[in-house]
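*Asks:* So that we are looking at the same thing, I have put the structure below in structure tokens.
Computed from the coordinates by the stated procedures, all read-outs in this text should not be read as laboratory data. What you see is a predicted model; the values in this text were computed from it and never measured. Every residue, glycine as well, gets a Cβ built from its backbone with ideal geometry; the counts of neighbours run over all protein chains shown.
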Amino acid sequence: MSTRRWIAVFALAALVLAALSLWLLRDTGAAAAEVWLDGERIAVLPLAIDDELLVQTADGGWNRVVVSGGRLAVTEANCPDRVCVARGAVSGGAPVVCLPHRLVIQFTGEAAFDGVAG
Amino acid sequence: MKRCACILVLIFLLAACAPQTAEQTFFAMDTVMSVSVWGSDADAAAAVAEIRSLEAALSVTRPDSEIAALNRDGTAALTPETADLLRRALALGALTHGAMDVTIGSVTALWGFSTGDYRLPDASDIAAALPQVDYRAVQWDGDRATLPEGCAVTLGAVAKGYAADRLASLLADRGVACALLSLGGNIQTIGVKLDGRDWRIAIRSPFDESETLGVLSITGGAAVVTSGGYQRRFEENGQVYHHILDPDTGYPADSGLSSVTIVAESGLYADALSTAVYVMGAEAALRLWRQQGDFGMVLVSDDGTVQVTEGLRLSGVNAEVIS
């Protein structure tokens, strides 16, 4: 195959992969978030219900997790880089992670419910 | 090269072809509302605009609304839609033997529930306003409604349900096949979900607002309305007063129920019944249910027991099925 052909094939593959990764990481509007601290699941938060959770690590670290209007955000934390806070409010997609605190918040694909009455 | 370009275009199109939801969350009718439409942003915007125009026409607290004018002057020539709504609300008052009565406005005003200025009224003020609460006393001349002296209308028990019906109709006209409305906790499902599965509507727990008490499986379009004292209340001298007033006493209803959920085709009907059932209590509610046969009900008693009428699918909670 000619060089031009190979370039075309790779360019195509790169585009497909780019589109695929955008698709996979999009805000899926998941319905619940699982909060894992140090490898242990400590809470499951349905995104349809406004809630607040203060996660505390064994050595004085903390992250404030807020669910509001169907979105989850880490609003405050005392980790050195606050990457988790910078992520902002999301309703799904890639997990929200605080590496220094070993905190991972991942969104479950299975929707718990579509709406809450009352 | 042409073929390559075509393939590239196709790939981009596929990546963009996600099911589109247009969602708007906004504040109206003194509460938070959200509209999720499987359609365009313009469809969601049209729904919001419709709510705003309904609020302008019906709100007791807007000085230039039709209802405010009716209350102020004792009479008003209503628009056909508002006249129709008022007639239907009064008819629901008759159906529920006054357990839901939109002419309770003068009493509601004493408590300040519409304005957020909550206060415990003097018993003598309530006693003076109570005789004017009577859905039978509204006079009609075409679309002109006339209220007896001292009587006032408040559509708080039916406005959100009515709005949900109006939105369902508007969205259907716009060709939207699937939508979910949450109007201050009044749920209206429209059409069938994209994946063909039933809608799952959870019921908020009246005992802990961050928890739910069971999930209803709803097929197709329906209204799911929950009423409970927990939704709006204040405390004075150690006593809690909530917003669902008993038209017979002028005081918050105390029928042993903490929350009532009604499932019906119409939002107006479900909204009116949820208030009426909360006031009348489980026994009278079950009689009404057997008599009407056109709605489903989930009753949560003050002691935590949950009852669900036969035909409703409720999971995730221990409920007594009533037939």
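*Asks:* Need one word for the stretch A:40-92: rounded, prolate or oblate. Basis is the Cα gyration tensor (sqrt eigenvalues a ≥ b ≥ c); a/c below 1.5 gives rounded, then a/b vs b/c decides.
*Replies:* In terms of gyration-tensor shape, oblate.
*Asks:* State the Cα centre-to-centre distance between the stretch B:164-219 and the stretch B:93-131 in whole Å.
*Replies:* What the calculation gives is 30 Å, centre to centre.
*Asks:* Does anyone have the angle between helix B:159-173 and the longest principal axis of chain B? Alpha-carbon axes, 0 to 90°, nearest 10?
*Replies:* Tilt of helix B:159-173: around 30 degrees.
*Asks:* Return the distance in nm (one decimal) between the two label points of a simple spin-label model at B:Thr115 and A:Gln56, each offset 7 Å from Cα along Cα→Cβ.
*Replies:* 4.4
*Asks:* Length gain on complete extension for the stretch B:Glu310 to B:Arg62, per 0.36 nm per residue less the alpha carbon to alpha carbon distance?
*Replies:* 85.1 nm is the gain from fully extending B:Glu310 to B:Arg62.
*Asks:* Go through the stretch A:92-98 residue by residue and turn each phi into a ³J(HN,Hα) via Karplus (6.51, -1.76, 1.60, θ = phi - 60°); whole Hz please, and just put x for glycine and proline.
*Replies:* Computed from phi, the couplings for the stretch A:92-98 are x, x, 5, x, 8, 10, 10 Hz.
*Asks:* OK, next. How high is the FRET efficiency from B:Glu320 to B:Gln239, r the C-beta distance, R0 41 Å, rounded to 0.05?
*Replies:* For R0 = 41 Å, the calculated efficiency reads 0.85.
*Asks:* Given H placed 1.01 Å from N in the peptide plane, which residues other than close sequence neighbours of B:Ile322 have an amide H under 5 Å from its amide H?
*Replies:* Amide H neighbours of B:Ile322, under 5 Å, 5+ apart: B:Val308, B:Thr309, B:Glu310.
*Asks:* Can you give me the long-range amide H partners of B:Ser259? Hydrogens built in the peptide plane at 1.01 Å from N, cutoff under 5 Å, separation of 5 or more residues or another chain.
*Replies:* The list, which skips near neighbours in sequence, is B:Val300.
*Asks:* Zone of A:Val44 (label point 7 Å along Cα→Cβ, backbone N under 15 Å): which residues in the stretch A:79-118?
*Replies:* Label zone hits: A:106-114.
*Asks:* To the nearest 10 degrees, how steeply does helix B:80-95 sit against the main Cα axis of chain B, on a 0 to 90 scale?
*Replies:* Result, in degrees: 60.
*Asks:* Identify unpaired cysteines across chain A, taking unpaired to mean no other cysteine Cβ lies under 4.7 Å from the residue's Cβ.
*Replies:* So far as the 4.7 Å Cβ criterion goes, A:Cys79 stand without a partner in chain A.
*Asks:* Right, something else. If each residue of separation counts as 0.36 nm, what is the full-extension length gain between B:Ser40 and B:Ala69 once their alpha-carbon separation is subtracted?
*Replies:* Value of the extension gain: 6.8 nm.
*Asks:* In whole Å, how far is the Cα centre of the stretch B:33-64 from that of the stretch A:37-60?
*Replies:* 36
*Asks:* Using 1/(1 + (r/R0)^6) with R0 = 35 angstrom and r between the beta carbons of B:Asp208 and B:Gln24, what's the FRET efficiency to the nearest 0.05?
*Replies:* 0.80
*Asks:* Still on this structure, I have one more. Need one value for A:47-55: mean number of C-beta atoms belonging to other chains within 10 Å of its residues' C-beta atoms.
*Replies:* Average per residue, whole number: 2.
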